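Trainee: Mind having a look at this structure? Questions to follow.
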Amino acid sequence: MLEELNKKAKKAGLHVATGKKTGKYSVRKVKNGKLVAKNVSADEVRDVIKDHK
């Protein structure tokens, strides 16, 4: 799941990492490492990626 999200996020200039809680992810910008979203589910990660494009 994480690999699939990262492939989509890479095209938008983002990076997805696992969060502390299971099933949660954090999203950062590749360019400067700033946090875009924290403790979001996989569905919410997809929404963040779509909004960022």
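Trainee: Taking segment 28-53 as the search range and keeping residues that are of a type in the set (Lys, Arg) and out of contact with any His (no Cβ under 9 Å at 6 or more places or on another chain), which one is surrounded by the most Cβ atoms within 10 Å (Cβ to Cβ)?
Mentor: Ranking the candidates gives Arg46 first.
Trainee: So which residues in segment 1-28 are among the β-branched types (Val, Ile, Thr) and farther than 16 Å from Lys50 by Cα?
Mentor: Thr18, Thr22
Trainee: Condition test on Lys21, is it at pLDDT 95 or above and in contact with a strand residue (DSSP E or B) (Cβ under 7 Å, 6 or more places away or on another chain)?
Mentor: no
Trainee: Under the condition of being among the basic types (Lys, Arg) and surrounded by 12 or more Cβ atoms within 10 Å (Cβ to Cβ), which residue from segment 8-27 is farthest from Ser41 (Cα to Cα)?
Mentor: Lys10
The values are calculated or read from the model by the stated rules, or taken from the named source; none is laboratory data. Worth saying up front: this structure is predicted, and the values here are computed from it rather than measured. Quick reminder, even Gly has a Cβ in these numbers, built from the backbone with ideal geometry, and neighbours come from all protein chains shown.
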